[in-house]
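Visitor: Got a structure for you, written out below as structure tokens; questions coming shortly.
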Amino acid sequence: MAEKSFKYVIVGGGVAGGYAAREFVKQGVKPGELAIISKEAVAPYERPALSKAYLFPEGAARLPGFHVCVGSGGERLLPEWYADKGISLILSTEIVKADLASKILVSAAGESFKYQTLVIATGSTVLKLSDFGVQGADSKNIFYLREIDDADQLVEALKAKKNGKAVVVGGGYIGLELSAVLRLNNIEVNMVYPEPWCMPRLFTEGIAAFYEGYYQNKGVNIIKGTVAAGFDAHPNGEVKAVKLKDGRVLDADIVVVGVGARPLTTLFKGQVEEEKGGIKTDAFFKTSVPDVYAVGDVATFPMKMYNDIRRVEHVDHSRKSAEQAVKAIFASEQGKSIDEYDYLPYFYSRAFNLSWQFYGDNVGETVLFGDADSNSATHKFGTYWIKDGKIVGAFLESGSPEENKAIAKVAKVQPVASSLDQLAQEGIGFASKI
Ligand code: FAD
């Protein structure tokens, strides 16, 4: 098959791929120079929509509504935009081989793509229960959610199993967002996770207590401290029940599993330096291999603020890292330099009528403030994380845009916290003064 050649190739057409494309255009890429190669059949879109508005029973989000860059208030890049800019958007094409030494990528269909500069933006893939050998885990109607095809299959199942029963396995982002949206679809929901409270990687016990109470009030039955140990299926192969390790058995027409993800670095194994499970980069997302950059979920990069190196699986970083890498590519071509990436971690989630934001680092002592009563109508509350006498992280549920800006500033400025009691009393008022 003929070899195609591009000055720049982005492998992966997800969030980082899409934001990188916009930045390439801002930097003056010429028609014909850039290709995006993606396994998915659609142009880059805002992935977080898949576990939220995409699954609404009414008024659900659909493409082209949420192509990048609408998630950050930017221009919506439709397929025509790429054509107009002379960018080759090569969809439904999985790269199965990458040879970084000879600068060639090969697709599953055997096509070769040559590049001068490569941006790796392959994101993550979900961990599957079948990978851990869980009995019956390949039954029908057990779903994972990463790409739009996964979400479409879930939408079909929701139609087929109206008013049915679901078990959600996992108490992280996906578990919490999916349990909420399944309830909105009038599905009975049991949510199962082994930890003592939900989202333990970020939430404190106090934060989690609010969400668990709120979810229970919305009819989500939460089962903690155990895991799905196996599945029973009907003769047609569809899942029938989830068997828990503690012996309980839960009926299920639908199972949604959200037990984590793994960065997709396999293609590049042994060819590029890795660290903390990702591809190691510098503050410009340059990898150990010349002319190869890695952005988004796959990059392990220097977190300047914390003098540490980390990998981040969140949408804000995927957008910003993509922009930084493309700026760095153009700067280096012009013999110029740009500032190092100086990222302030920012995570958010939305479910039911709830909406939280978190900025900074969740280490040290914590102070819970505000109204964190899950039965209250107002329920505005937050938490500060304090390390070495300074506030290093801040979380806020139901904040106004100004209040969210205020907690971002607190996490960036890291003001001294002289009294934890006073912080608890002042709550969001403290952040608003910074
Ligand atoms: P992705 O967006 O995953 O894009 C990777 C792309 O590469 C995909 O299109 C994939 O098909 C393609 N690809 C992979 N391998 C190949 C290959 N070999 N050949 C060709 N193409 C390939 N973050 C938040 O901060 N807040 C949220 O509320 C939130 N919600 C989320 C909800 C869901 C359902 C999911 C799955 C994630 C959510 N995230 C959220 C995380 C966020 O979406 C990711 O961090 C972000 O998408 C990472 O961007 P990326 O470009 O690195 O990877």
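Visitor: List the residues, sorted by chain then number, that are 5 or more residues from K140 or on another chain and whose placed amide H is less than 5 Å from its amide H.
Guide: E238, V239
Visitor: What trypsin sites (Lys or Arg not before Pro) does the stretch 252-356 have in DSSP loop regions with at most 13 other beta carbons within 10 Å?
Guide: Numbers: sites: K269, K276, K280, K286, K304, R310, R311, R319, K320, K327, K336, R350; in loops: K269, K276, K336.
Those that pass, being in a loop and sparsely packed, are K269, K276, K336.
Visitor: Let me ask something else about it. About its Cα centre, how strong a charge dipole does the stretch 232-322 have in debye, to the nearest 20, once Lys and Arg get +1 and Asp and Glu get -1 at the Cβ?
Guide: 220 debye
Visitor: Among DSSP beta bridges whose residues both lie in the chain, state the antiparallel percentage, nearest 5.
Guide: Numbers: 51 of 89 bridges.
Percent antiparallel among DSSP bridges in the chain is about 55.
Visitor: Just need the relative contact order of the chain here, percent rounded to a whole number, with Cα pairs under 8 Å and 6+ apart. If you can, show how the numbers build up before the last one.
Guide: On the way: 952 pairs, mean separation 59.0, N = 434.
About 14 percent, as a whole number.
Visitor: Right, something else. What's the local net charge at L267, with K and R +1, D and E -1, over the other residues with C-beta under 11 Å away?
Guide: Details: positive: K97, K269; negative: E94, D99.
Net local charge, L267 excluded: 0.
Visitor: Further question on the same structure: Counting each DSSP H run of 4 or more residues in the chain as -39500 (n - 2.57), what helix-only mean residue ellipticity at 222 nm follows after dividing by all residues, to the nearest 500 deg cm²/dmol? Please report the intermediate quantities before stating the final value.
Guide: Values: 9 runs with 101 residues, N = 434.
Calculated from helices alone, the mean residue ellipticity at 222 nm is -7000 deg cm²/dmol.
Visitor: Going highest first, how would you order 297-303, 104-110 by mean Cβ packing within 10 Å?
Guide: 297-303, 104-110
Visitor: Considering only C-alpha atoms, what is the centroid distance from the stretch 37-105 to the stretch 408-434, in Å?
Guide: 39 Å
Visitor: If you take every residue apart from S139 with its C-beta less than 11 Å away from the C-beta of S139, what net charge results, scoring Lys and Arg +1 and Asp and Glu -1? Intermediate values should be presented prior to the final figure.
Guide: Values: positive: K140, K240; negative: D138, D232, E238.
Around S139, the charge tally is -1.
Visitor: Check which residues have an amide H placed less than 5 Å from G393's amide H, if you skip close sequence neighbours.
Guide: D361, W385
Visitor: Now a separate question. Dipole of the chain, Cα-centred, from +1 at each Lys and Arg C-beta and -1 at each Asp and Glu C-beta, to the nearest 20 debye? Don't skip to the answer; put the middle values down first.
Guide: Numbers: 49 positive and 53 negative charges, 77 e Å.
Using only the charged Cβ atoms, the result is roughly 380 debye.
Visitor: From the backbone phi of the stretch 277-294, what are the Karplus-calculated ³J(HN,Hα) couplings (6.51 cos²θ - 1.76 cosθ + 1.60, θ = phi - 60°) in whole Hz, Gly and Pro given as x?
Guide: Ordered by residue, 3J(HN,Hα) equals x, x, 8, 6, 10, 8, 6, 10, 6, 7, 8, 6, 9, x, 6, 10, 10, 9 Hz.
Visitor: In µm²/s, what is D for the chain at 4 °C and 1.567 mPa s, where D = kT/(6 pi eta Rh) by Stokes-Einstein and Rh is the Kirkwood radius from Cα pairs? Show your work: numbers first, answer last.
Guide: Details: Rh = 23.0 Å.
In µm²/s, the coefficient rounds to 56.
Visitor: Which helices pass in the chain if a helix is a full DSSP H run, must span at least 24 angstrom along its long axis by Cα, and must have mean Kyte-Doolittle hydropathy not below 1.6? Provide the component values of the computation, followed by the final result.
Guide: Values: long enough: 315-333 (28 Å, -0.47).
None clear 24 Å together with a mean of 1.6.
Visitor: Let me ask another. When only DSSP loop residues count, what trypsin sites (Lys or Arg not before Pro) in the stretch 98-144 have their Cβ near at most 16 other Cβ atoms within 10 Å?
Guide: Values: sites: K103, K114, K128, K140; in loops: K103, K128.
Filter output for the stretch 98-144: K128.
Visitor: Counting other Cβ atoms within 10 Å, which GluC sites (Glu not before Pro) in the stretch 332-434 have at most 16 and lie in a DSSP loop?
Guide: Here the GluC sites (Glu not before Pro) that fit, given the DSSP loop and packing criteria, are E340.
Visitor: Using θ = phi - 60° and the Karplus relation 6.51 cos²θ - 1.76 cosθ + 1.60, list the HN-Hα couplings for the stretch 229-237 in order, rounded to whole Hz, with x at every Gly or Pro.
Guide: 9, x, 10, 9, 10, 6, x, 7, x
Visitor: Determine the dipole magnitude for the stretch 114-183: charges of +1 sit on the beta-carbon of Lys and Arg, -1 on that of Asp and Glu, nothing else is charged, the reference point is the Cα centre, and the result goes in debye to the nearest 20. If you can, show how the numbers build up before the last one.
Guide: On the way: 9 positive and 8 negative charges, 47 e Å.
I would put it at about 220 debye.
Every read-out reported here was derived from the displayed coordinates using simple, explicitly stated rules and does not represent laboratory data. Model, not experiment: these values are computed from the prediction. With ideal geometry, Cβ positions are generated from the backbone for all residues, glycine too; neighbour counts draw on all protein chains shown.
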